[in-house]
1. When you scan the stretch 109-121, do you find a residue that is closer than 30 Å to residue 11 by Cβ, of a type in the set (Lys, Arg) and either touching a Leu at 6+ places or on another chain (Cβ under 7 Å) or in a helix (DSSP H, G or I) (or both), even just one?
2. Of all residues being assigned to a helix (DSSP H, G or I) and among the charged types (D, E, K, R) in the stretch 30-66, which is nearest to residue 132 (Cα to Cα)? Just the residue, please.
3. Taking the conditions exactly as written (outside the structural domain of residue 118 (by TED's automatic domain parsing), modelled with pLDDT of 95 or more and under 19 Å from residue 139 (Cα atoms)), does residue 17 satisfy them or not?
4. I'm trying to understand the selection: among the residues of the stretch 75-92, which are among the hydrophobic types (A, V, I, L, M, F, W, C) and either in contact (Cβ under 8 Å) with a residue 60 or more places away in the chain or in contact with a Ser or Thr (Cβ under 8 Å, 6 or more places away or on another chain) (or both)?
5. Kindly list, by first and then second residue, each pair from a residue in the stretch 127-142 that is part of a helix (DSSP H, G or I) to a residue that is of a type in the set (Asp, Glu), limited to pairs with Cβ atoms under 9 Å and residues at least 6 apart or on different chains.
6. Could we say that residue 93 is among the hydrophobic types (A, V, I, L, M, F, W, C), assigned to a helix (DSSP H, G or I) and outside the structural domain of residue 22 (by TED's automatic domain parsing) here?
7. Residue under question is residue 63, and the condition is that it be over 23 Å from residue 110 (Cα atoms), of a type in the set (Val, Ile, Thr), under 14 Å from the mean Cα position of the chain (by Cα) and surrounded by fewer than 19 Cβ atoms within 10 Å (Cβ to Cβ); does it hold?
8. With respect to residue 82, determine if the residue is surrounded by fewer than 15 Cβ atoms within 10 Å (Cβ to Cβ) and farther than 15 Å from residue 142 by Cα.
Amino acid sequence: MLEKLKELREYEGYTQKDIATFLKVVRSTYAGWESGKDIIPLSKLNDLANFYHTSLDYLVGNTPTLEMIQEIQKINSETVANNLKKFREENRLTQKNVADTINSSQSNIHKYENNKSLITTTYAMEFSKQYNYSLDDLVGRKKNN
């Protein structure tokens with residue numbers, strides 16, 4: 001699922017332990033994320049994008065081009081909530097439409113749009129894929145021009 005995690009880590013000469021230490025998790029947790037056995041939380045994926053100075057879209061394989069982003073950027077859950085709602089409304093979709101498309105529940109979409117919880121990595125990636133919408137745009141990351 002996230003082949004770029006291993007690819008970038010090895011290219012930069014880091015061990016799984018090095019990256020796990022940076023992310024403040026144990027190596028086995030990071031190994032599970034890198035292998036795709038477990039789902040990396042969106043906030044940790046964002047931390048890796050910042051670490052490698054690249055886009056989320058590159059890390060998840062949405063774009064083949066390594067896009068350099070120098071500025072450290074944090075995920076703002078309110079921005080994510082607003083972007084989800086804005087996209088849905090601009091495309092005249094209901095929460096149920098979105099939920100059905102990304103295999104979630106209407107209740108989850110409601111929570112995400114109302115900033116009750118941050119969208120999970122799995123649903124964010126599925127949203128990005130199904131609607132051809134940049135993951136970086138969804139979470140409000142700015143790319144260098």
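1. At the first step, the residues of the stretch 109-121 found to be closer than 30 Å to residue 11 by Cβ are 118-121.
In the following step, the residues that additionally are of a type in the set (Lys, Arg) were identified as none.
Scanning the stretch 109-121, I find no residue that is closer than 30 Å to residue 11 by Cβ, of a type in the set (Lys, Arg) and either touching a Leu at 6+ places or on another chain (Cβ under 7 Å) or in a helix (DSSP H, G or I) (or both), so the answer is no.
2. Of the residues in the stretch 30-66, the ones assigned to a helix (DSSP H, G or I) are 30-35, 42-52, 56-59.
Restricting the remaining residues to those that are among the charged types (D, E, K, R) gives 34, 44, 47, 57.
On the way: 34: 24, 44: 23, 47: 23, 57: 11 Å.
Ranking the candidates gives 57 first.
3. Here the answer is no, as residue 17 does not meet what is asked.
4. Taking the stretch 75-92 first, the residues among the hydrophobic types (A, V, I, L, M, F, W, C) are 75, 80-81, 84, 87.
75, 80 - these are the residues of the stretch 75-92 that are among the hydrophobic types (A, V, I, L, M, F, W, C) and either in contact (Cβ under 8 Å) with a residue 60 or more places away in the chain or in contact with a Ser or Thr (Cβ under 8 Å, 6 or more places away or on another chain) (or both).
5. Between residues of the stretch 127-142 that are part of a helix (DSSP H, G or I) and residues that are of a type in the set (Asp, Glu), the close pairs are 128/57; 128/137; 135/57; 136/57; 136/67; 137/57.
6. Values: among the hydrophobic types (A, V, I, L, M, F, W, C): yes; assigned to a helix (DSSP H, G or I): no; outside the structural domain of residue 22 (by TED's automatic domain parsing): yes.
No, not satisfied.
7. Details: over 23 Å from residue 110 (Cα atoms): yes; of a type in the set (Val, Ile, Thr): yes; under 14 Å from the mean Cα position of the chain (by Cα): yes; surrounded by fewer than 19 Cβ atoms within 10 Å (Cβ to Cβ): yes.
So residue 63 passes the test.
8. Working: surrounded by fewer than 15 Cβ atoms within 10 Å (Cβ to Cβ): yes; farther than 15 Å from residue 142 by Cα: yes.
Spelling it out, residue 82 is indeed surrounded by fewer than 15 Cβ atoms within 10 Å (Cβ to Cβ) and farther than 15 Å from residue 142 by Cα.
The values are calculated or read from the model by the stated rules, or taken from the named source; none is laboratory data. Source: prediction; values computed, not measured. Don't worry about glycine lacking a Cβ; one is built from the backbone with ideal geometry, like all the others, and counts go over all protein chains shown.
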